[in-house]
Amino acid sequence: MPRDFDCIVVGAGLAGAALAVGLARFGLRVAAVDAREPAAASPGRDVRGLALALSSQRLLRALDLWPVLEPRLTPLRHIEVSAMGHFGSSTLSAAELGLEALGHICPADHLLHTLDAALANTPNLTPFFGQRVAQIETTAARVEVTLQSAGEPAVLSARLLIAADGSTSAVRQHFGIEAQLRDYQQTAIVANIDLENAAAHTACERFTAEGPTALLPLGGKRHVLVRTVRTAGAEALLAASPADYLNDVQQRLGWRWGRCANLGERRAHPLMLNRAKALTAPRTVLVGNAANTIHPNAAQGLNLALRDVVALMDALKDCAAEGGDAGQAATLEAYARTRVDDHARTAGFSDSLARGFALDWPLVGMARSGALLAFNAVPPLRHALMRRLMGATARVPEWLRSGSAHA
């Protein structure tokens, strides 16, 4: 007999895990499925630093996770933007908006470990780690998912199937949902380094013809370095000695922050745009990277995914109390309509940056420099961008405004 739930979340990464915890807090019976093992069983698997915007902070506070995360968070008070080889730059500052921080930098492993602990300890929530989706069957009233693992296959049944299983989503492919694809021919190499003269609470994004180089503060001298390279040259950089790699980074950054040292493990992430052409299928909805995988410039990918989480939680919040059908088409279509504009704006913004700064033509370079100078000289433009990056323009449901995601 199938095990019965209200919702099955396939993909227990950062967005999927947050969604599973949130829906369970509302009183829905939730299954969270992922092929990976819990983060505690594989420490150090993700060395990225994640920029958590105000909109993401609100959600994590409502899930009671912010106090657990806070000791490892670094407030982000300044963002410096420049283009390598061209004049013109801009600095975004939280003080301009009267805020303590534009966001917070969180080690990715710390966030995943915190979410995994919540998956294991939240009532109404059953995690299925080390399991893959082998089969999906949908009827008018329910969806059944057969899981494959080293043991006996398990069959789960629910009113709603949620695809949070990443850019190559097996759920999306099962339903034949096409995606808009653009391979940027870039790879982000992520590693941690020390900066001799680090500017406290300051991030840097430096655009180059190969892609952006970004520095995210982790506290003290330690920073996350994201070095984007054309994919054809990624293997050589990954194989370079630590000294040679740091020399390459030094050439790109210059000496403003002093000497780079203490290189950590390097991880490679191919960069592409992958946008689903539909967000719903029968009794199924897509969120996070299954719906939109975007270029990481401006650090909007996770924040966009967590805004999906908020919107879907808001759409389903009354189902448990009222005994409603979480998978009814009208509910899912309403959710999809609320996400269209945010998806289009955010994906379009990151795509424009990725393609515009990759053009290494003299006239284009001069135009970029002029734009940065103009942007720095016009506070309303700068403030509008900061509010967008913070997620300050996103709709805030009443339950999120009150800071509680409990039934």
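The values are calculated or read from the model by the stated rules, or taken from the named source; none is laboratory data. Remember, it's a predicted structure, so these values are computed and weren't measured experimentally. We place every Cβ from the backbone using ideal geometry, glycine too, and count neighbours over all the protein chains shown.
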**OP:** Look through Ala24, Ala12 and report the one residue that is surrounded by 24 or more Cβ atoms within 10 Å (Cβ to Cβ), under 20 Å from the mean Cα position of the chain (by Cα) and more than 23 Å from Gly264 (Cα to Cα).
**Re:** Ala12
Original post:
Quick check: anything in the stretch 143-158 modelled with pLDDT of 95 or more, of a type outside the set (Asp, Glu) and within 22 Å of the chain's Cα centre (by Cα)?
Top reply: no
Subject >> Among (1) part of a strand (DSSP E or B); (2) hydroxyl-bearing (Ser, Thr, Tyr); (3) within 28 Å of Pro270 (Cβ to Cβ) - the single one Ser55 does not satisfy >> reply: (1)
Original post:
From the list Asp308, Asp318, Asp314, which one is among the acidic types (Asp, Glu), surrounded by fewer than 24 Cβ atoms within 10 Å (Cβ to Cβ) and closer than 30 Å to Gly49 by Cα?
Top reply: Asp314
Subject >> Extreme residue, modelled with the lowest pLDDT, among residues of the stretch 90-121 that are assigned to a strand (DSSP E or B) and farther than 21 Å from Gly22 by Cβ >> reply: Ser90
**OP:** Collect the residues in the stretch 243-296 that are farther than 30 Å from Leu332 by Cβ, touching a residue at least 60 places away in the same chain (Cβ under 8 Å) and assigned to a helix (DSSP H, G or I), keeping them in residue-number order.
**Re:** Arg252
Original post:
Would you call Arg222 crowded, with 20+ Cβ neighbours inside 10 Å and of a type in the set (Lys, Arg)?
Top reply: no
Original post:
Of the numbered conditions (1) of a type in the set (S, T, N, Q); (2) surrounded by 21 or more Cβ atoms within 10 Å (Cβ to Cβ); (3) part of a helix (DSSP H, G or I), Thr228 satisfies every one except a single condition; which is it?
Top reply: (3)
**OP:** Consider only pairs whose beta carbons are under 8 Å apart and that are at least six residues apart or on different chains; among these, list those whose first residue lies in the stretch 105-121 and is hydroxyl-bearing (Ser, Thr, Tyr) and whose second residue is assigned to a helix (DSSP H, G or I) and surrounded by fewer than 19 Cβ atoms within 10 Å (Cβ to Cβ).
**Re:** Thr114/Val68
**OP:** Might you check whether a residue that is within 30 Å of Trp257 (Cα to Cα) and in contact with a Cys (Cβ under 7 Å, 6 or more places away or on another chain) occurs anywhere in the stretch 223-245?
**Re:** no
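Table: residues versus (1) under 20 Å from Ser167 (Cα atoms); (2) surrounded by fewer than 22 Cβ atoms within 10 Å (Cβ to Cβ); (3) more than 21 Å from the chain's Cα centre (by Cα).
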| residue | (1), (2), (3) |
| --- | --- |
| Arg266 | no, yes, no |
| Met272 | yes, yes, no |
| Leu279 | yes, no, no |
| Ala291 | yes, no, no |
| Pro296 | yes, no, no |
| Asn303 | yes, no, no |
Subject >> Residues located in the stretch 289-340, provided they are of a type outside the set (A, V, I, L, M, F, W, C) and within 30 Å of Ser82 (Cβ to Cβ) >> reply: Asn289, Asn292, Thr293, His295, Pro296, Asn297, Gln300, Gly301, Asn303, Arg307
Original post:
Can we say Val33 is crowded, with 20+ Cβ neighbours inside 10 Å and either β-branched (Val, Ile, Thr) or assigned to a loop (DSSP other than H, G, I, E, B) (or both)?
Top reply: yes
**OP:** Quickly run through the stretch 147-173 and pick out the residues that are under 30 Å from His269 (Cα atoms) and surrounded by fewer than 17 Cβ atoms within 10 Å (Cβ to Cβ).
**Re:** Gln148, Ser149, Ala150, Thr168, Gln173
